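The values are calculated or read from the model by the stated rules, or taken from the named source; none is laboratory data. Quantities reported herein were computed from a predicted structural model and do not represent experimental measurements. Here the Cβ positions follow ideal geometry from the backbone for every residue, glycine too, while neighbour counts run over all protein chains shown.
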Amino acid sequence: MPAVHIALRYAILFSGMSFRRHVNGLELCYRALLEHLGFEARNIHVLNYDGSRRAFGDPDDGTEPLWPGDGSPFRMVVRAPGSRAAFQQTIATIAAQLTPDDHLFINTMGHGGHHGDERGPDLITYPHSRRFSRDDFSATLATLPPHRALVVLMAQCFAGGFNQAVLEASPAASTFITSAASATRQSFMALENGLWDSFQVNWLTGLTSGLNVGSAFRHACSCEGRNPYDSPEFAARPDDATELTL
């Protein structure tokens, strides 16, 4: 009998010059993928700061705080730093395994920059706040082979400036990208305690409650815990990519 291929789901969770709330958000996403959405740990690639679970400004004594979600130790396994080179290598690693039936999810956290001109926004990476441009990021995604679905959640400032470029570069049959802020505006932390990025936590909450990616966007835009200063956007190709689930 011919071998039967089982569709796989891969994930990249990325933050460059992380603050502590960004590391909290990576852990939140990691647990959501494992505990609620059925991802396998071996297929989740976490890239953070210096290759550890540290954040910029953490004490040098090596102590790690507990995760504020439930007061337990962090569980995510960080495989590489939040650098441009590490992201590109991770894409290359996944590209070597990706089949036409597979799904890829990418969550970027941390900081974003903008030149204020046609060059568009950047993802700020480790070390020394180096810029990973929109066009370079999108060109990296274009090296992936054809696959069933690409879903991207961007929580950094000016993230909406990536939307169209990612849509055009994606080789996936269906692509959905959602961003916490428009191309010219900043994204914001949760109002109640500053421990999270507001849009990311609200979108993931919707997703883990059983909503599709488009409905999770609407939940994040209207729920009680939203930060009113955020300016979320999304783009989808084809239009019914809003009905994707993870």
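Would you be able to tell me the number of residues in region 192-219 that are in contact (Cβ under 8 Å) with a residue 40 or more places away in the chain and not polar (S, T, N, Q)?
So the answer is 10.
Which condition from (1) part of a helix (DSSP H, G or I); (2) in contact (Cβ under 8 Å) with a residue 60 or more places away in the chain; (3) among the small types (Gly, Ala, Ser) is the one that Ser187 breaks?
All conditions pass for Ser187, except number (1).
From the residues in region 88-143 that are in contact with a helix residue (DSSP H, G or I) (Cβ under 8 Å, 6 or more places away or on another chain) and among the polar types (S, T, N, Q), which one is nearest to Pro171 (Cα to Cα)?
Ranking the candidates gives Thr143 first.
Could you please let me know if Gln164 is buried (at least 24 other Cβ atoms within 10 Å of the Cβ) and either closer than 22 Å to His114 by Cβ or at pLDDT 95 or above (or both)?
no
Mind telling me which of the residues Ala173, Ala159 ends up being crowded, with 20+ Cβ neighbours inside 10 Å and either of a type outside the set (S, T, N, Q) or closer than 25 Å to Leu34 by Cα (or both)?
Checking each option against the conditions leaves just Ala159.
Taking only region 42-72 into account, find how many residues are loosely packed, with under 12 Cβ neighbours inside 10 Å and either closer than 28 Å to Leu211 by Cα or charged (D, E, K, R) (or both).
6
Return yes or no: is Ser187 crowded, with 24+ Cβ neighbours inside 10 Å and touching a Cys at 6+ places or on another chain (Cβ under 8 Å)?
yes
Which of the strands (runs of 3 or more DSSP E) found entirely inside region 103-184 contain at least 3 residues meeting this: within 20 Å of Ala55 (Cα to Cα)?
Because the criterion is at least 3 residues that are within 20 Å of Ala55 (Cα to Cα), the strands (runs of 3 or more DSSP E) in region 103-184 that meet it are 103-109, 121-125, 130-133.
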